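Undergrad: One structure, pasted below without further comment.
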Amino acid sequence: MSWVLKGPAQRFEPREWFAGPDVVELGLAGEIGAVRYVEPRALVCTAPRVAVRGAPEATAEAVSELLLGEGFEIVEVKTGFALGRTLHDRYIGWAPFDVLALAGAEPTHRVTARRAPVFAVASIKAAVVMELPFAALVSGELDGNFLALAGGGFVHRRHVEAPPANRFAAAALFADAPYLWGGRSPDGVDCSGLVQQALAAEGISLRRDTDLQVAEGEPVKYAAREPGDLLFWPGHVGLLLEGDRLCHANAHWMKVVTEPLADVMARADAEPVVRRFR
């Protein structure tokens, strides 16, 4: 009888675990055999937003996105790109090494506006040195109407206060955002990135891709759907709103839209799978 080694068990989802064949993380030493194990090294993103790609090339397909202040634990560096895993949702990909750094001060604030200008000095009339996307993590001290960032620059306190109260308010910040494969910000977002950011407003952590998201949550019959539920089709997901309307980032309109669910159903020609996350 012959045996064929097929690699690690599927429970180590390759989009979320460094499970070989070339890189196996130290935490799996008791589960998967390897010549060499690596221990991920935690860094943080220093750019407002940067694509995480499927290969160490600037032209490779984006699989997700890192926002300022988010953690990325790396295991390898190749041709200027670091192979790593996002700490907010454990998703593996390649990010430019030059935008990663050792963590400094712990984040004190999160950008709550759709987009937050960073001013050169503490004045709304000052030059804007960069813009930070919704959900970027920053560190600084409040002084009057401004947050003085640890790395320089000033953000108005209104842009880091009053976070969205719920998933609906968070999703509304993405209205008309361009559709962007792998995107997670109002500058460009895909369907799973939109619902991930919307539910994060309620402290609910979703995995990155639709097939990973649909595997979690409470199953709900289509006829029993309620506002706040996530509706899944193969490769697509949206957030159900009042009035049987769906908020979703989609390649049909190439942006985030809210439209009658009936219109989406007519194009999909299939009943969605419904999941409830609380």
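Undergrad: How many of the residues in the stretch 141-162 are touching a strand residue (DSSP E or B) at 6+ places or on another chain (Cβ under 7 Å) and assigned to a loop (DSSP other than H, G, I, E, B)? If you could, list the steps in order and put the result at the bottom.
TA: If we filter the stretch 141-162 for residues that are touching a strand residue (DSSP E or B) at 6+ places or on another chain (Cβ under 7 Å), which is where we start, we get 141, 145-150, 153-157, 159-160.
From what is left, the residues that are assigned to a loop (DSSP other than H, G, I, E, B) are 145, 150, 153, 160.
Qualifying residue count, the stretch 141-162: 4.
Undergrad: Which condition does Gln196 not pass, out of (1) more than 17 Å from Asn166 (Cβ to Cβ); (2) not in a loop (DSSP other than H, G, I, E, B), if it passes all the others?
TA: Here Gln196 meets the rest and fails (1).
Undergrad: Could you list all residues from the stretch 50-78 that are among the charged types (D, E, K, R) and either not assigned by TED's automatic domain parsing to the domain that holds Tyr91 or not in a strand (DSSP E or B) (or both)? Talk me through it step by step, then tell me what you get.
TA: We begin by selecting, within the stretch 50-78, every residue among the charged types (D, E, K, R); these are 53, 57, 61, 65, 70, 73, 76, 78.
Scanning the stretch 50-78 gives Glu57, Glu61, Glu70.
Undergrad: Does Ala171 meet the test of being touching a Leu at 6+ places or on another chain (Cβ under 6 Å), under 29 Å from Glu226 (Cα atoms) and of a type outside the set (Val, Ile, Thr)?
TA: Answer is yes for this residue.
Undergrad: Identify, from the list Ala170, Ala177, Ala136, the residue that is closer than 30 Å to His248 by Cα, crowded, with 21+ Cβ neighbours inside 10 Å and either in the same structural domain as Val63 (by TED's automatic domain parsing) or without any contact (Cβ under 8 Å) to a residue 40 or more places away in the chain (or both).
TA: After applying the criteria, what remains is Ala170.
Undergrad: To continue, here is another question. Residue under question is Val24, and the condition is that it be over 26 Å from Ser192 (Cα atoms), out of contact with any Gly (no Cβ under 7 Å at 6 or more places or on another chain), buried (at least 18 other Cβ atoms within 10 Å of the Cβ) and aliphatic (A, V, I, L, M); does it hold?
TA: yes
Undergrad: Does the stretch 196-217 contain any residue that is more than 30 Å from His252 (Cβ to Cβ) and modelled with pLDDT under 95?
TA: no
Undergrad: Taking the stretch 214-247 only, how many residues are surrounded by 14 or more Cβ atoms within 10 Å (Cβ to Cβ), farther than 17 Å from Phe174 by Cβ and either over 23 Å from the mean Cα position of the chain (by Cα) or not acidic (Asp, Glu) (or both)? Write out each step before concluding.
TA: Just the residues of the stretch 214-247 that are surrounded by 14 or more Cβ atoms within 10 Å (Cβ to Cβ), to begin with: 214, 217, 220, 225, 228-233, 236-241, 245-247.
Cutting the leftovers down to farther than 17 Å from Phe174 by Cβ gives us 214, 217, 220, 225, 229, 232-233.
Right, trim to either over 23 Å from the mean Cα position of the chain (by Cα) or not acidic (Asp, Glu) (or both) and you get 214, 217, 220, 225, 232-233.
Residues meeting the conditions: 6.
Undergrad: Residue check, Trp253 against (1) assigned to a strand (DSSP E or B); (2) farther than 16 Å from Glu65 by Cβ, all met but one. Which one?
TA: (1)
Undergrad: Also: May I ask you to verify whether Gly203 is touching a residue at least 24 places away in the same chain (Cβ under 8 Å), outside any strand (DSSP E or B), outside the structural domain of Lys125 (by TED's automatic domain parsing) and more than 14 Å from Val111 (Cα to Cα)?
TA: Considered against the rule, which asks whether it is touching a residue at least 24 places away in the same chain (Cβ under 8 Å), outside any strand (DSSP E or B), outside the structural domain of Lys125 (by TED's automatic domain parsing) and more than 14 Å from Val111 (Cα to Cα), Gly203 comes out as no.
Undergrad: Which pairs have Cβ atoms under 6 Å, sit 6 or more apart or on different chains, and link a residue in the stretch 217-241 that is in contact (Cβ under 8 Å) with a residue 60 or more places away in the chain to one that is in a strand (DSSP E or B)?
TA: Within 6 Å, the pairs are Gly217/Arg275; Gly217/Arg276; Glu218/Arg276; Leu239/Cys247; Leu241/Cys247.
Undergrad: Turning to a different aspect of this structure: Inspect all residues belonging to the stretch 62-79 and state whether any of them is touching an Asp or Glu at 6+ places or on another chain (Cβ under 7 Å), buried (at least 16 other Cβ atoms within 10 Å of the Cβ) and touching a residue at least 60 places away in the same chain (Cβ under 8 Å).
TA: No, the conditions are met nowhere in the stretch 62-79.
The values are calculated or read from the model by the stated rules, or taken from the named source; none is laboratory data. Quick caveat, the model's predicted, so the values are computed rather than measured. As a convention, Cβ positions derive from the backbone with ideal geometry for all residues, glycine included, and neighbour counts pool all protein chains shown.
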